[in-house]
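Comments concern the structure below.
The values are calculated or read from the model by the stated rules, or taken from the named source; none is laboratory data. As the structure is a prediction and not an experimental result, all values here were calculated from the model. Heads up, the Cβs are rebuilt from the backbone with ideal geometry, glycines too, and the neighbour counts pull from every protein chain shown. Accessible surface is based on the protein model in full, side chains and every heavy atom, while ligands, DNA and RNA are left aside. Shrake-Rupley method; radii C 1.70, N 1.55, O 1.52, S 1.80 Å.
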Amino acid sequence: MRTLGRSGIEVSEIGFGAWAIGGPFSAGGQPVGWGAVDDDESVAAIHRALDLGVTFFDTADVYGTGHSEQVLRRALDGRRDQVVIATKFGNTFDAATRELTGQDVSPAYIRSACRASLERLGTDWIDLYQLHYGAMPYERVDEVLATLEELADEGLIRSYAWSTDDPDRAAAFAKGPRCTAVQHQINVLEDTPEMLAVCATHDLASVDRGPLAMGLLSGKYTADSRLPEDDVRAEPEGRYFRGGRPAPEYLDRLAAVREVLTAGGRTLAQGALGWLLARDSRTVPIPGIRTVAQAEENAAALTLGPLTGAQLTEIRTLLGR
Ligand SMILES: NC(=O)c1ccc[n+]([C@@H]2O[C@H](COP(=O)([O-])OP(=O)(O)OC[C@H]3O[C@@H](n4cnc5c(N)ncnc54)[C@H](OP(=O)(O)O)[C@@H]3O)[C@@H](O)[C@H]2O)c1
């Protein structure tokens with residue numbers, strides 16, 4: 001288990017990312033989901049993860065424009081007290097067309113988004129409520145923090161975080177008394193020492209998204225792979241995938257560290273999660289999971305534990321960091 005920053009909330013060292021299980025949705029006509037999903041398989045994957053000790057579930061109101069939260073509700077029915085739920089707000093959407101429509105962080109909107117998430121999740125409280133507008137202007141911070149503190153006073157949320165890759169924004173949010181984490185991009189192919197330093201300074205958890213570089217770190221994608229057009233990885237300007245193909249520079253980095261990550265019988269995905277657990281005591285990776293097999297492979301990283309200090313050093317050298 002790890003503690004989420006200053007909140008005292010305990011979570012499993014590895015969480016469950018619920019973006020993909022929301023199914024298709026789009027922004028400006030571009031797909032931002034992970035293609036079609038089978039809800040029964042998603043529920044079975046959540047149940048398997050729970051059975052294997054995973055207690056931390058990360059979703060967002062926009063994932064499948066509400067669908068991810070509803071699938072979580074179905075899967076967690078009767079087990080709410082055993083889990084920690086993180087969801088997000090800040091993007092507006094039309095559930096009828098499954099389209100994102102913009103951003104809104106006004107107090108009235110945050111309150112209505114919170115109520116809608118509670119309803120879809122079938123719960124009376126959200127453990128970690130995250131701002132999903134990574135580049136929100138600084139001048140909105142105080143007002144957003146004030147609203148989040150009110151929601152915490154009312155018992156609707158227990159703590160909050162910003163999902164952002166900007167260390168300065170993470171630090172600005174940390175002045176909120178019940179801010180307890182930052183959700184950000186980090187994986188073995190892409191370290192973020194500045195963000196981890198902010199977490200240490202402000203006693204925040206580092207909730208790690210993209211821990212498997214959108215699936216690249218499973219090792220199943222090669223230079224010949226081509227993902228379908230309804231998959232977010234088909235986006236022409238993506239980071240780890242571009243136009244449905246793995247980005248060559250990340251495939252090269254993966255090749256450089258493959259042997260270290262898979263030493264001792266770990267799969268690549270387990271090695272990548274073990275790197276994050278070793279990188280800092282505040283990290284909580286939330287790999288996206290869509291099948292029972294993925295839930296089993298990723299949850300096994302809980303028992304395999306962190307890489308060694310020597311392996312971390314070797315990876316740093318191999319990647320020229
Ligand atoms: N702005 C934000 O706040 C933000 C942004 C991104 C993500 N997130 C959160 O972070 C979570 C994780 O990030 P991510 O989904 O972008 O990427 P990720 O965790 O790096 O990759 C997830 C994908 O990898 C594949 N996969 C997972 N485990 C596997 C295994 N053991 N073997 C083979 N393939 C495996 C699955 O896709 P395939 O099977 O289709 O390959 C899965 O959807 C999300 O679910 C979401 O909760 C938040």
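Take region 39-51 and flag every residue that is under 19 Å from the mean Cα position of the chain (by Cα), open to solvent by 10 Å² or more (accessible area, probe 1.4 Å) and either in contact (Cβ under 8 Å) with a residue 60 or more places away in the chain or within 10 Å of the ligand (Cβ to nearest atom) (or both). Let's see the steps before the verdict.
Start the filter on region 39-51 by keeping residues that are under 19 Å from the mean Cα position of the chain (by Cα), which leaves 42-43, 45-50.
From the residues that got through so far, the ones that are open to solvent by 10 Å² or more (accessible area, probe 1.4 Å) too are 43, 47-48, 50.
Selection gives R48 alone.
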Here are G134, G155: which of them is within 27 Å of A36 (Cα to Cα) and either of a type in the set (A, V, I, L, M) or open to solvent by 10 Å² or more (accessible area, probe 1.4 Å) (or both)?
-> G134
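For the condition open to solvent by less than 10 Å² (accessible area, probe 1.4 Å) and more than 11 Å from the ligand (Cβ to nearest atom), what is the one hit in A269, A247?
The conditions single out A247.
For region 290-297, state whether one or more residues are within 12 Å of the ligand (Cβ to nearest atom) and open to solvent by less than 20 Å² (accessible area, probe 1.4 Å).
Here is the first cut: in region 290-297, the residues within 12 Å of the ligand (Cβ to nearest atom) are 290-297.
With open to solvent by less than 20 Å² (accessible area, probe 1.4 Å) added as a condition, the list becomes 295.
Within region 290-297 (the criterion being within 12 Å of the ligand (Cβ to nearest atom) and open to solvent by less than 20 Å² (accessible area, probe 1.4 Å)), the answer is yes, since at least one residue qualifies.
What are the residues in region 200-228 that are of a type in the set (D, E) and part of a loop (DSSP other than H, G, I, E, B), if any?
Our first condition is that a residue be of a type in the set (D, E); within region 200-228, this holds for 203, 208, 224.
Hits for region 200-228 are D203, D224.
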So, in region 194-233, of the ones that are more than 20 Å from S163 (Cα to Cα), among the acidic types (D, E) and more than 10 Å from the ligand (Cβ to nearest atom), which residue ends up least open to solvent (accessible area, probe 1.4 Å)?
-> D230
In this structure, does A36 turn out to be open to solvent by 10 Å² or more (accessible area, probe 1.4 Å), within 12 Å of the ligand (Cβ to nearest atom) and over 16 Å from the mean Cα position of the chain (by Cα)?
-> yes
Is it the case that L318 is in contact with a Phe, Trp or Tyr (Cβ under 7 Å, 6 or more places away or on another chain) and more than 9 Å from the ligand (Cβ to nearest atom)?
-> no
